[in-house]
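**Q** Sharing a structure with you now.
Any read-out appearing in this document is the output of simple, stated calculations on the displayed coordinates, not a laboratory observation. What you see is a predicted model, and the numbers here were worked out from it, not measured in a lab. Quick reminder, even Gly has a Cβ in these numbers, built from the backbone with ideal geometry, and neighbours come from all protein chains shown.
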Amino acid sequence: MKNIRIYLLIILAVLLSDFAKAQDPLFSQFYNNPVYYNPGAVGLTPGLRARFTVRDQWPQLPADLRNYTFSMDIAERNIPGSGGLGLMVMSDNAGSGYMKTSTVGISTAVRVPLQDNMVTQVGIMTSFVQKRINWDNLVFTDQLNPVYGNIYESSFQEPGSGNIFYPDFSCGGVFRFTESSNMFSAIQGTFGLAVHHLFRPNESFIGLTSPLPRKLAITGDLVFEINGDNDKLYFQRQDKGAARNTFKFNPGFIYESQADFKTYAVGVNILKSSIYSGVWFRNRTSELAKSNDLIFMLGINAPFTSLTRMKINYTYDFVLTEIRTATGCSHEISITIELDDFNMFQRSGNRGGGFGFSTRNHRSMEELQCCPF
């Protein structure tokens, strides 16, 4: 009967889609999904970033609530005003094949330097979304016997296609600055704001009007770096690879609002040598004491060369409310490949042209001031 209740809830949400409010997937490692959260972040950091994320939401439920996301962005500094290009491919399951959403998004950003240590970017994303529902796997109330469960045939008639397809649009902006001080070899701050589903596409399967609510995402973080090798200037270390004694302290926050659903998350990540760790709180009110989730992160930063690396992070969402006994706790894994010196087009002074790696001995100060956590 537990399974039947879940199926009935899914049916109710679909058939009453005129009143239901859809909710976008959310990630604990939002800092590893910048293309998803803010198209203005595309190309903010020099080079190429490729990311793959798997999130298993509430694994104790019989339904398969998993999300698979691949994203990639490439910075382009050789075209005046260009920030970069981004790609996102996402598959989101709401139940074991009962409801599946597939999304392909392409984004681009415009870069506006403000000062030598400040830059802002504005970007847009155009997405193509397909939602599918398998009517044959659903259980309706007229199929249920109060004693024996699902034993009858349903009189339900499929209203039409189990697929809907629509375009979707998002926009966002990001501001970043970098400073140095006597205490820290670098201080970097990044703040972003994005609005998703600008034109509120219709998501109804049964011919009703069910516009997808807009989502607002506000993010911010600071990175404080202490270099054990006493390199005073951040950009002087660019040819030395990852310093073994480097320590980075990274507090941050995210606020998401979509219809009546609002979440706040605040926490801190730490990088010591090549090990990542972090603790975050997520809740649906602004009161930290009423947190719904306590989030733990552990990962590794594995440099291949001074300009290439792989990051692997695992996140465990410990549910603090009583719902944990039925849903379990969520898991999230992200793998990131970073190629700092990859560019789409060589500068005019370089030979070869086209895609490839720069042969420059050093990067510009503007690029070096935007090194990631």
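**Q** If R0 is 41 Å, what FRET efficiency do you get for Asn134 and Ser277 from their C-beta distance, rounded to 0.05? If you can, show how the numbers build up before the last one.
**A** Numbers: r = 41 Å, r/R0 = 1.00.
Using R0 = 41 Å, I get an efficiency of 0.50.
**Q** Of Lys131/Lys311; Lys100/Lys215; Lys131/Lys262; Lys100/Lys311, which ones are farther than 22 Å apart at the Cα? Don't skip to the answer; put the middle values down first.
**A** Details: Lys131/Lys311 32 Å; Lys100/Lys215 20 Å; Lys131/Lys262 24 Å; Lys100/Lys311 29 Å.
Pairs exceeding 22 Å: Lys131/Lys311; Lys131/Lys262; Lys100/Lys311.
**Q** Still on this structure, please answer the following. Going by Cα centres, segment 163-210 and segment 106-129 are how many Å apart?
**A** Taking the Cα centre of each part, segment 163-210 and segment 106-129 sit 11 Å apart.
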